[in-house]
Amino acid sequence: MEAIVTSGLTKRFGDLLAVDGLDLLVSSGGVVGFVGPNGSGKSTTIRMLLGLLSPTSGGGEVLGSSIAHPSRYAHRVGALIESPSFVPSLSARANLLSLAALRGLQVARVDAVVETVGLAGRDRDLVSTYSLGMKQRLAIAAALLPDPELLILDEPTNGLDPAGIVEVRNLLIELGRQGRTLLVSSHLLSEIEAACEQVVIIRFGEMLFSGPLSELKARSSAHIELAPEHEQDTTRLAELLVDRGYAVRRASGDVVVEVAVSVAPELNRIAASGGITLRKLSAHEETLEDTFLQMTGATDGGNALVRSRQRAGRRALFASRKSSTGKGAADA
Amino acid sequence: MLRVLRSELIRLNRPSFLAGGIGGMAVFGAISTFIGFAAAGKTGAGPGAYIPSEAALAAPDGYVAGLMLAANLIGIVALSFWAIATASDYSTGLIRLLAQAEPRRWRLIVGKALALALFTLAGTLAATVAAYGAALACAPAFDVSTAAWAEVLPTLLESFRNLALSATVWGTLGMLIALLARSSGVATAIGIGYLVVFENMIVAVASDASDWLLGATLTSLAAGGTPAIAFESALQLGAAYFAGGILIAVAVMHFREITY
């Protein structure tokens, strides 16, 4: 069964197309990373799934119920949306009791979630005295209150120190092992890589990839750069490698072979067998981050630029169509 | 609905609300009574200010005469606290959690109104008791005879009822403006500005408007009727303002997208 399915999910704020016909499929069970650069539409998508925003068009289902009727699944879903949101002048416990009362839950659930996130002993302190990391854990506790089948966490490691990040990551993995479905949005790929089995990548509200993390990693390319001690041997080195079945290219005086880094010793042996001593044998493997950046664009600024260019392109196309239509009409 | 009410009551149970809201209303009740006794019979007060005469203070219900001085102040306190309770849901981002946990948003607003109405009842009760206590202390100090004071409990209950109804409608206005502006400061400023300046301007232009305008209606409601608006009319108008405010708030809550 699918925990989340969307079909052509679209959200427009005036001229801004925040989510563009998103077809999303998240299977039940496990931790799924929801990745995209800032402003890519992750939070807007999450808000539509939780009933905080209405889609402009398209739709979807959460735990088998339409997102047009969030009250049908709200009791089975816990969420952390953007930043932790609590009454600072109340204790953490009072904040959780208030949310538990709203959901019709027993006080025992508050004790349980406080224990789960490691806030026992500090739960009677005012939220205003909490560090950002503690507030983040409190927000996860609030999300866990309904003992949810589906947890949607928007940037759960935001503002945490390295120890806090590891703590939250382990908590997410543990929650995933309990059979829950976790949709974890983040722009920290290292976190996604460490905690998630599945990943969904979006940009400009469009889905770029959805599948196992291993499949995404398999898309990563690697190459090895070789340079002989004597420059005049470069062509002979390239010919030796081609003879052994490798595809090579030349770049900046180096011979570049597009192979996995594990092949480096073999390439070294081939060169040695031809009497060539290597001055350089450099293996390069694309990280998940490289793959992600290739898919989504370099930076937020880059995205903004690309988007702005796309918009300008669309405007130009629209203008040219208009003018050609006008010309046609005039000609007629 | 009861879930929302319980949830709201837990969040209202904080020192700033209890001391500032309920305590504030009680202090205004006591101070206004003191001023009523201290300034009894004096003329030259500002436009619209009501200062009881010495005879009014010595009348059978003289112990609540000072309370009427505080009615609009208590109304503004109610407006401010309803506005703070509403706007802080937005400023803290709590509205995201609340609306996710209870997607039927009309329940959120009606439950909040119920909780704040209970809060207002507690505040106006405290104000009534404080005003009576102040009257008992002030009467001998300002040589006002208490010989005619009678039927204390029924009169106090009636005053409390009128004050609570008036303050609740003020509060509803505060909640509605805060919901629209997402700011308690803006709501309070609009409330005070309307009461002190705008309504007087409207009445100066169209004097008949004082028969139904919000400030005049709620003053009449709190006082148990005025020459301009009879209590029954004030009750009907107040109910209409309350219902209208709640209906608009429910509509805003239902249709508004939660983007913050």
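The values are calculated or read from the model by the stated rules, or taken from the named source; none is laboratory data. Treat the numbers as computed from the prediction; the structure is a model and nothing was measured. Reconstructed Cβ throughout: ideal geometry from the backbone, glycine too, with neighbour counts over all protein chains shown. Heavy atoms of the whole protein, side chains included, go into the accessibility calculation; ligands, DNA and RNA do not. Shrake-Rupley method; radii C 1.70, N 1.55, O 1.52, S 1.80 Å.
Rundown of residues vs (1) over 32 Å from the mean Cα position of the chain (by Cα); (2) open to solvent by 10 Å² or more (accessible area, probe 1.4 Å), yes/no style:
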{"residue": "A:Pro84", "(1), (2)": "no, yes"}
{"residue": "A:Asn95", "(1), (2)": "no, no"}
{"residue": "A:Gly104", "(1), (2)": "yes, yes"}
{"residue": "A:Val107", "(1), (2)": "yes, yes"}
{"residue": "A:Ala112", "(1), (2)": "no, yes"}
{"residue": "A:Leu119", "(1), (2)": "no, no"}
{"residue": "A:Arg124", "(1), (2)": "yes, yes"}
{"residue": "A:Tyr130", "(1), (2)": "no, yes"}
Scan segment A:57-81 for residues that are more than 7 Å from every other protein chain (Cβ to nearest Cβ) and under 23 Å from the mean Cα position of the chain (by Cα) and jot them down. A:Gly58, A:Gly59, A:Gly60, A:Glu61, A:Val62, A:Leu63, A:Ile67, A:Val77, A:Gly78, A:Leu80
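Rundown of residues vs (1) open to solvent by less than 50 Å² (accessible area, probe 1.4 Å); (2) within 16 Å of the chain's Cα centre (by Cα); (3) within 14 Å of chain A (Cβ to nearest Cβ), yes/no style:
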| site | (1), (2), (3) |
| --- | --- |
| B:Asp208 | no, no, no |
| B:Trp212 | no, no, no |
| B:Ala222 | yes, yes, no |
| B:Ala234 | yes, yes, no |
| B:Tyr241 | no, yes, no |
| B:Leu247 | no, no, no |
| B:Val250 | yes, no, no |
| B:His254 | no, no, yes |
| B:Ile258 | yes, no, yes |
Any hit, segment B:82-89, residues being closer than 30 Å to A:Ala139 by Cα, more than 21 Å from the chain's Cα centre (by Cα) and modelled with pLDDT of 85 or more: yes
Give, as residue ranges, the helices (runs of 4 or more DSSP H) completely inside segment A:104-208 that count at least 3 residues that are more than 21 Å from A:Phe34 (Cα to Cα). A:107-116, A:132-144
List the pairs whose first member sits in segment B:130-148 and is modelled with pLDDT under 90, whose second member is open to solvent by 50 Å² or more (accessible area, probe 1.4 Å), and whose Cβ atoms are under 6 Å apart, counting only residues at least 6 apart or on separate chains? B:Ala139/B:Thr146; B:Ala148/B:Pro60
Odd one out for A:Gly211 among (1) on the phi > 0 side of the Ramachandran plot; (2) in contact with a helix residue (DSSP H, G or I) (Cβ under 6 Å, 6 or more places away or on another chain): (2)
Selection count, segment B:90-127, where residues are within 9 Å of chain A (Cβ to nearest Cβ), assigned to a helix (DSSP H, G or I) and touching a Leu at 6+ places or on another chain (Cβ under 7 Å): 8
Go through segment B:115-133 and give me each residue that's open to solvent by 30 Å² or more (accessible area, probe 1.4 Å) and within 11 Å of the chain's Cα centre (by Cα). B:Leu121
I need a count of the residues in segment A:82-118 that are β-branched (Val, Ile, Thr) and either closer than 21 Å to B:Ile258 by Cα or facing another protein chain (nearest Cβ under 7 Å) (or both). 1
Where residues in segment A:22-36 are assigned to a loop (DSSP other than H, G, I, E, B) and surrounded by fewer than 24 Cβ atoms within 10 Å (Cβ to Cβ), which of them is farthest from the other protein chains (Cβ to nearest Cβ)? A:Gly29
So which residues in segment A:212-231 are of a type in the set (Gly, Ala, Ser) and modelled with pLDDT under 85, if there are any at all? A:Ser214, A:Ala218, A:Ser220, A:Ser221, A:Ala222
Selected residue [in contact with a helix residue (DSSP H, G or I) (Cβ under 8 Å, 6 or more places away or on another chain), farther than 23 Å from A:Gly133 by Cα, open to solvent by 10 Å² or more (accessible area, probe 1.4 Å) and assigned to a strand (DSSP E or B)] from A:Gly60, A:Gly8: A:Gly60
